[in-house]
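Scroll down for the structure; my scribbles are underneath it.
The values are calculated or read from the model by the stated rules, or taken from the named source; none is laboratory data. Here the structure is a predicted model, which means the values were calculated and not measured. All Cβ positions, even for glycine, are placed from backbone atoms using ideal geometry, and neighbour counts span all protein chains on display.
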Amino acid sequence: MTSNTLFLSYVMRQFESAAQTLGISQDLSEVLRRPERSVIVSLPCRMDNGELKVFTGYRVQHNSARGPYKGGIRYHPNITLEEVTALAMLMTWKCAVMDIPFGGAKGGIACDPKGMSQAELERLTRKYTMAISSIIGPYLDIPAPDVYTDAQTMAWVMDTYSKVKNEPTPAVVTGKPISLGGSEGRNEATGMGVAIVTREASKRLKRPLKDARIVVQGFGNAGYASAWFLQQMGCRIIAVSDSKGGIYSKEGLEVEKVLEHKRRTGSVINYEKAENITNDELLELECDFLIPAALENQITERNADRIKALAVVEAANGPTTPEADRVLFEKGTLVVPDILANAGGVTVSYFEWVQNLTRTKWSIEDVRTNLEGKMVRSFEDVMRSAEEYGVSARQAAMIVAVKRVAEAVEALGSWP
Ligand code: NAD
């Protein structure tokens, strides 16, 4: 089984378990299990050296019962229809658990963006946008950045779509540059959301945030912002890492200084005021909150019983395997699941879309106050459901999400 097939099967299992707990009928389950539309497009693209390369692009629209489809566009050599399908389904549940009026989608192109020039990436992005322009739109499907795509990519998508439709349409994508209608606070939204749910978890666990020991795996966009906000809240960031390794300081790291060091040297390792450790050692450190913010499948049955954190807050998508989840639940470790913990990004994307459609501009304070309210409410919904059904927070988040989507699908009925 490839890792993408495995990932899709994990996502399906999570759904099936929630559907079973909720007593959802076979018929309705069958509807929710399948994407409403899966599109594969062929993208011939001229490279800088004159050669013509044909790339494959995907857009999977899982469910739109609660609103327009929403989800990122990923550029990665190993992307497959199965991976995009799993990610689209997760987006449906993520938007539902946050109670924002979107369905779920995901897209991507199988390509190696690290080996391509900006001009090649622009041409490929515009080709892809043309190819899917009839199935995206501000009230239909709203893409956003994901792995190896960014605000610039969204600017090209927006411009191409606007040219095709012959009208400026900023609301067709989120995560745009601020100069084109992007929202204040979008860049750091995922990290801020992670910090807010960590604070809420600390209240439940009766472990005050003051001096709480935090370990962050992955010091990119999500990991750095999570560490920064948690440091502002009084926590001690005792270890961080990137793909080259990790660093540890019992007294705590100054995250802005670590970022400067990473910018200067290309990695967090060899930071003078800390000791180097491996990524495996980092995951097993004694701490209050462990925040995986790098890749999938980091906490597995191999290391789950050695995780010493009081709680795991999943900034990354899918960092814990189902087997590891079971081990952590049995030993009483709270796992704040990805679809809740990292939903700050899509929530501020929703705020960006609202600003574009209403031709308004929110201040950073407005964005942060609204994000705070949404994260706290969703955290409480999930914890209430965990208590009601006697399940883990991950199962509870899925139960909240699947229930909301199932109710919407049932209320719509079937037409024609
Ligand atoms: P990023 O590329 O900015 O950062 C990833 C970080 O992980 C980098 O520091 C990289 O060096 C590190 N890393 C890579 N391999 C590693 C390894 N084996 N061990 C330790 N560190 C490793 O990516 P990002 O946007 O921060 O995304 C990280 C995770 O968070 C992904 O799972 C992503 O899907 C998820 N996420 C991000 C956002 C967002 O808004 N950025 C939103 C939701 C979910």
Exactly one of (1) touching a Phe, Trp or Tyr at 6+ places or on another chain (Cβ under 7 Å); (2) hydrophobic (A, V, I, L, M, F, W, C); (3) under 23 Å from LEU295 (Cβ atoms) is unmet by ALA227. Its number?
-> (1)
Residues located in the range 254-284, provided they are more than 11 Å from the ligand (Cβ to nearest atom) and either of a type in the set (Gly, Ala, Ser) or without any contact (Cβ under 8 Å) to a residue 24 or more places away in the chain (or both) = GLU254, LYS257, GLU260, HIS261, ARG263, ARG264, THR265, ASN270, GLU272, ALA274
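Within the range 127-142, does at least one residue satisfy the condition of being crowded, with 19+ Cβ neighbours inside 10 Å and either under 23 Å from ASP338 (Cβ atoms) or of a type in the set (Gly, Ala, Ser) (or both)?
Checked against the condition, which is being crowded, with 19+ Cβ neighbours inside 10 Å and either under 23 Å from ASP338 (Cβ atoms) or of a type in the set (Gly, Ala, Ser) (or both), the range 127-142 yields at least one hit.
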Can you tell me which of ALA19, ALA86, ALA96 is modelled with pLDDT under 95, more than 19 Å from ILE136 (Cβ to Cβ) and either under 17 Å from the mean Cα position of the chain (by Cα) or of a type outside the set (Ser, Thr, Tyr) (or both)?
-> ALA86
Output the residues belonging to the range 382-399 that are surrounded by fewer than 19 Cβ atoms within 10 Å (Cβ to Cβ) and farther than 12 Å from THR21 by Cβ.
-> ARG384, GLU387
Wholly within the range 141-251, strands (runs of 3 or more DSSP E) carrying at least 2 residues that are at pLDDT 95 or above, within 13 Å of the ligand (Cβ to nearest atom) and hydrophobic (A, V, I, L, M, F, W, C) = 213-217, 236-242
From (1) more than 16 Å from the ligand (Cβ to nearest atom); (2) exposed (fewer than 15 other Cβ atoms within 10 Å of the Cβ), pick out the condition that doesn't hold for ASP112.
-> (1)
Given the structure, is GLU301 part of a helix (DSSP H, G or I), farther than 18 Å from GLU188 by Cβ and either within 16 Å of the ligand (Cβ to nearest atom) or not hydrophobic (A, V, I, L, M, F, W, C) (or both)?
-> no
Using beta carbons and a limit of 6 Å, which pairs, at least six apart or on different chains, have the first residue in the range 153-182 and over 20 Å from GLN118 (Cβ atoms) and the second one in a helix (DSSP H, G or I) and of a type in the set (A, V, I, L, M)?
-> ALA171/LEU357; VAL172/MET158
